[in-house]
Amino acid sequence: MPPTTRSKALFPHYYCAIILAFCTSLVFAQQPATQSGMGAIVHDDGVAFRVWAPNATSVSVAGQFNNWSATQNRMASESGGYWSVNVPNARVNHEYKYVIRHGGNDHWRVDPYAKQVTNSVGNGIIADLDFDWEPTDYQMPGMNELVIYEMHVGTFNAPSGPPGRV
């Protein structure tokens, strides 16, 4: 039988896909963050993220710094169920969420260690903890300018009479 002009593939297509996925994971594997602490940790070379997700298959961080990509910043698994990654282009005031994969599903979750959030079910915000708490020019107001409010909670819960009266 004469040879055909069309050569046969050495591997079926699904083997190629598996090999490509394996090689990609080796090339783009994330290293754990070297900074200590939990949540978003701002440092000179970007922001390190760390979260505890012991039952997760994989974890990544998505936010304004990567156009909310659920795959761009995959976190490295550490011992004890911790996951971390360093994101060089993340900055203070960027919003973010963790994408936790478990059981074939992606769960978008706010950082339980976030120092600032948009709302209780919204996004975490990378916060700058280098706030200057020591004002340099603060002056205590005079006694005639002070307004002091004092109230007892029981005042508005009187057993008899109109509300707000003792």
**Request:** Take the Cβ-Cβ distance between ARG101 and VAL153 as r, set R0 to 45 Å, and report the resulting FRET efficiency rounded to the nearest 0.05.
**Result:** 0.45
**Asked** Amide H to amide H, which residues 5 or more places from VAL47 or on other chains are under 5 Å from it, using H placed in the peptide plane?
**Response** VAL87, ALA90
**Item:** Net lengthening on full extension, ARG109/GLN139 (0.36 nm per residue, minus Cα-Cα)
**Value:** 6.5 nm
**Prompt:** Can you work out ³J(HN,Hα) from phi for every residue in segment 99-108, in order, using Karplus 6.51 cos²θ - 1.76 cosθ + 1.60 and θ = phi - 60°, giving whole Hz and x for Gly and Pro?
**Reply:** 10, 9, 9, 7, x, x, 10, 9, 10, 8
**Asked** Taking H as built 1.01 Å from N, whose amide H comes closer than 5 Å to the amide H of SER58, not counting residues under 5 places away?
**Response** ARG101
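Here, each number is a calculation from the coordinates, and none is a lab measurement. For clarity, every value in this text was computed on a predicted model and none was experimentally measured. Note: ideal-geometry Cβ built from the backbone for every residue, glycine included; neighbour counts use all protein chains shown.
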